[in-house]
1. Looking only at segment 444-480, which residues are in a loop (DSSP other than H, G, I, E, B), buried (at least 23 other Cβ atoms within 10 Å of the Cβ) and in contact with a His (Cβ under 8 Å, 6 or more places away or on another chain)?
2. Mind checking which pairs have a first residue in segment 467-489 that is touching a residue at least 60 places away in the same chain (Cβ under 8 Å) and not assigned by TED's automatic domain parsing to the domain that holds residue 400 and a second that is outside any helix (DSSP H, G or I) and not basic (Lys, Arg), Cβ under 6 Å, 6 or more apart or different chains?
3. Residue 175 fails exactly one of the following numbered conditions: (1) modelled with pLDDT of 95 or more; (2) crowded, with 20+ Cβ neighbours inside 10 Å. What is the number of that condition?
4. In a loop (DSSP other than H, G, I, E, B) and touching a residue at least 24 places away in the same chain (Cβ under 8 Å) - does that describe any residue in segment 253-266?
5. Of everything in segment 568-603, what is outside any helix (DSSP H, G or I), hydroxyl-bearing (Ser, Thr, Tyr) and over 22 Å from residue 554 (Cβ atoms)? Give them in sequence order.
6. Return the pairs, sorted by first residue and then second, in which the second residue is surrounded by fewer than 21 Cβ atoms within 10 Å (Cβ to Cβ), the first residue lies in segment 494-505 and is under 9 Å from residue 428 (Cβ atoms), the beta carbons are less than 7 Å apart, and the residues are 6+ apart or on different chains.
7. Are any residues in segment 574-633 of a type in the set (S, T, N, Q) and at pLDDT 90 or above, and if so, which ones?
8. Can you say whether residue 526 is under 34 Å from the mean Cα position of the chain (by Cα) and either in the same structural domain as residue 387 (by TED's automatic domain parsing) or among the basic types (Lys, Arg) (or both), as far as the supplied structure shows?
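The values are calculated or read from the model by the stated rules, or taken from the named source; none is laboratory data. Computed from a prediction, not measured in an experiment: that's the story for all the values here. Backbone-built Cβ (ideal geometry, glycine too); neighbour counts: all protein chains shown.
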Amino acid sequence: MSEETITPLPDTKQSEWLVTNGLGGYASGTVNGVLTRRYHGLLVAAMPSPLGRMMMLNAVAEKLQAPEQTAFFTGNVELTGTSTERTLQPDEFHLETGLPVWQYKIGDYLVEKRVYLPHRLNLVHVCYTLLAGKEPIHVTLWPGINFRPYEAPVNYKVSDEYAITALADGLEIFAQSDLPTLRLRCEGPQAPFTFRPVEIHDILYRTEESRGYERQGSLWSPGFFRAELRERETLTLIASVENWEITKAITPKTALEAEYRRREKLITAAPVELREGPAEELVLAADQFIIVPAGREIDAAKALALGDEPRTVIAGYHWFTDWGRDTMISLEGLTIVTGRQREAGWILRAFSEYISHGLIPNMFPEGRQQGLYNTADATLWYFHAIDRYVQSTGDRKLLAYLLPKLAGIVEDHINGTRFGIGVDPSDYLLRQGEPGYQLTWMDAKVGDWVVTPRRGKAVEINALWYNALMLLAGWLQEAGDSSTADSLFQRADRTREQFNKRFWADDPGYLFDVVDGEHGDDAACRPNQIFAISLPHPVLERSRWAAVIGVVTDKLLTPVGLRTLSRDHPDYKPTYTGDLRSRDAAYHQGTVWPWLLGPYTDAWLKVHADDGAAILPQLEGLVSHLREACVGSISEIFDAEPPYLPRGCISQAWSVAEILRSWQKCRLSNEAAQKKTRPEHQTA
């Protein structure tokens, strides 16, 4: 494994970094240190309900002074600057085994900075090392804080006053009794704290401004730590909401070594073909989404009672929580492909405890114990995730535990359940929809406006329904329940027959997106039709596969994923910009989603067997993206037209998972094809 997994960046102005703690908490910011989002901070702590994730340490204003050198600041949080001082940009930025490292030059002096979070602790270490310099330099650190829920606007304040307790080797800062206490200390060269409170006004958060949100905020600092740093010495600022015993016990050196060992184990647990290059980066990126749900003690208690450990999947950073749909789509790429099958089993069992009226939760809101169930597809993806897990592990014990629950889910869908989800007895197709709800993955909603309601019988919902019927029938047959299995096979046959009769449109020669919708049948060309081929049990007749793949390739494929709507549709939106209403109007009306390359790859390989080499260049188109947006990860979405700018969340679970899964699948397919064509080795 190489130490540096990403080369230095030539342009860091728009790049961001992310480090997570396995609890849903994180540290994140821009590479050049400028705060641009409400979500940027050095310690976003994952707290128990009802708090959720809290912004506890927003920034650190860093002042570096070398002999006969001007003082420099990094970022846009300047506390004591004068007109003679200028912002210091990093001369180099890279990731070492997924962890961010900066280098700054001040004349002949070279300073290295690192940020990392010990695993499963709400604690951050910010380290400064003088790599080169004949004389000592002085480092002054001003912590900037504004305690608030991490999604709150940048001008939101939980309190106008902070209380400070000065201890022999650190500080305690708190705002009110129901909020956590922030503990600050420095380790390394002696760094006394000087109490000098100051308000940092009018910080401009440019990304918030561009997205139509509150753009100006302020931070407060209690004072500064100042230390003299000699060559090869390291000064570490420690910020924590853990108790002092934990905060002091986890030394920076021990924590960093432990985190590198943990990450190295993640790489060695992955298959050989994923242990180097971009695939290695994605294995490390995948780890960011698999968490212990710190905010939900009930989840932990249930899991432990069942002999499991609590796990869930964060759908994306910065603002997503765990979503049922995203979890089930991502599960194979995040866990099974990376050699973390055991955790996949824990997640699948955990979601089974939340089944209600035949549905798994759509999502868990921040700081709440109970989920929301407004989804028509998450539960059907649950069947797919279980199939991928069982195929990989052969874990029939978990399957036997889940089987009665899965049978109940199908029964509830046949009889009809919430949100208008139920089988139409006249054609065996699954319909869904209720006014005011967005139930498919195309789920944008602004106020009461559901942008793409897709009420009726949606193409991917019925592809997933057929796949679920076939899977359950097969599992029941294996379990010896032939009678129920035969009945489900018959229902699946009728569903498939009606699907091909109702969804195929001779003109224009692809699948309707929705039939029996509010305005009849919808012939919009969308990527949802690809699931009729890509799933393990494809519902579409084989004779039509090539036509569907051809139209998706011609109209929707881009270098970074699939468009959500073809350019020739009147509702097509080429860019995802502006305020919330403008963005959501484009969210599924052209905007490109990289995760869709996963099912596209599956479908392609079904038509072009053993031709993984043809798809690899398409996946490699996202390799350069690993150097932009969130360095080392893949964004949620992209604009639909060149230059395909990344948008949305900077790091998305199903983007990473599906590209990683497809990468492996294409590599293995390519290797298998080469073995078939390779001549037999002749011995003398």
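1. Across segment 444-480, the qualifying residue is only 452.
2. Pairs found: 467/535; 467/537; 470/537.
3. Single failed check for residue 175: (1).
4. Initially, segment 253-266 is screened for residues in a loop (DSSP other than H, G, I, E, B), giving none.
No, because not a single residue in segment 253-266 is in a loop (DSSP other than H, G, I, E, B) and touching a residue at least 24 places away in the same chain (Cβ under 8 Å).
5. 576, 577, 587
6. Hits for this filter: 498/427.
7. Initial filter on segment 574-633 (of a type in the set (S, T, N, Q)): 575, 577, 582, 589, 591, 601, 618, 624, 633.
Passing the criteria: 575, 577, 582, 589, 591, 601, 633.
8. On the way: under 34 Å from the mean Cα position of the chain (by Cα): yes; either in the same structural domain as residue 387 (by TED's automatic domain parsing) or among the basic types (Lys, Arg) (or both): yes.
Answer is yes for this residue.
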